[in-house]
Amino acid sequence: STHRSDVFISKKMSYCLRHNPEKYGLKLDEYGSVDLQKFLNAMNKMHHFQPKLTEMKIREIMNFSDKERFEIKNGKICALYGHSIPIKRKQAIPPDILYHGTTHSFLSSIMKEGLLPMGRQYVNLSTDIEMAESVGKRRDNHPVILKINAKQAVKDGIKFYIGNNEVWLCDHVPTKYLTL
Ligand code: HQG
């Protein structure tokens, strides 16, 4: 989305659904979903959006967004990735190759310990290089793009989870699956 107010709303939605639903008086189910009407009421109560945040507005933000961050299903809403609170996810087989964009300053540590979730529940991986690049650019103008041999990792029993069509999640990616 290009409107500044839409970015603001999206960031508040992410904060609530990924990190701090309690602050909004909300409790997510084990999959990270919450009743959409309850979510709208809580968001409006906290932020006094003018005009009021509606389902239609959220769908508009989702449609025009650069990334698929949220999902509305069966009257519930959830964030698809980025959580710091524990959320159950569906395990699945990822594409053979995944990518991770990061900053040069983290590289020596990553090459020692592998990719760790750090402040989040899972490591975020991308299906395409462009996405990995934009993720890395948040911290580094010339980010490092790591290539993940997901095919071999799957063979070795490492679990992957679906975020959305472009984002895959993993508990830990050991160094042996990473190449520069
Ligand atoms: C790094 C945003 C040192 C890792 C983005 C990353 C993405 C290590 C940072 C999504 C490490 C964690 C997630 C190790 C990993 N030693 N550093 N062993 N292992 N790291 O923000 O992937 O716009 O939690 O490389 O665009 O950058 O909010 O993860 O740099 O899609 O929807 O530790 O969040 O999406 O940083 O970003 P983050 P991320 P939204």
task: On a 0 to 90° scale, report how tilted helix 36-47 is relative to the longest principal axis of the chain, with both axes built from alpha carbons and the result rounded to the nearest 10.
output: 80
message: Give me log10 I(q)/I(0) at q = 0.17 Å⁻¹ for the range 1-57, Debye formula, one equal scatterer per alpha-carbon, no solvent.
response: -0.52
task: Calculate how large, on average over all directions, the projected area of the Cα convex hull of the range 102-180 is; give the answer in nm² to one decimal.
output: 5.0
- request: Could I get the Rg over Rh figure for the range 84-127? Both from C-alpha atoms, Rh via Kirkwood, rounded to two places.
  value: 0.99
task: Along Cα→Cβ, 7 Å out, is where each label goes; now give me the distance between the ones at GLU130 and GLU60 in nm to one decimal.
output: 2.6
message: Probe radius 1.4 Å, ligands and nucleic acids ignored: give me the carbon and sulfur share of the accessible area of the chain as a rounded percent.
response: 52
query: Using mean Cβ contacts within 10 Å as the protection proxy, how do 109-116, 17-24 order, highest first?
result: 17-24, 109-116
message: Output the 0 to 90 degree angle, nearest 10, between the alpha-carbon long axis of helix 55-64 and the longest principal axis computed from the alpha carbons of the chain.
response: 30
For the range 144-180 versus the range 70-111, the gap between their alpha-carbon centres in whole angstrom: 10
field: Mean residue ellipticity (222 nm) of the chain, computed from DSSP H runs ≥ 4 via -39,500 (n - 2.57), nearest 500
entry: -8500 deg cm²/dmol
statement: Of LYS67, LYS151, LYS45, the most mobile residue in a GNM of the chain (C-alpha springs, cutoff 10 Å) is LYS45
field: Convex hull (Cα only) mean projected area of the chain, reported in nm² to one decimal
entry: 10.5
- prompt: What does the convex hull of the alpha-carbon atoms of the range 47-100 project to on average, in nm²?
  reply: 6.1
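The values are calculated or read from the model by the stated rules, or taken from the named source; none is laboratory data. Since the model is a prediction, treat every value here as computed from it, not as a measurement. Note: ideal-geometry Cβ built from the backbone for every residue, glycine included; neighbour counts use all protein chains shown. Note: areas computed on protein heavy atoms with side chains; ligands, DNA, RNA excluded. Shrake-Rupley method; radii C 1.70, N 1.55, O 1.52, S 1.80 Å.
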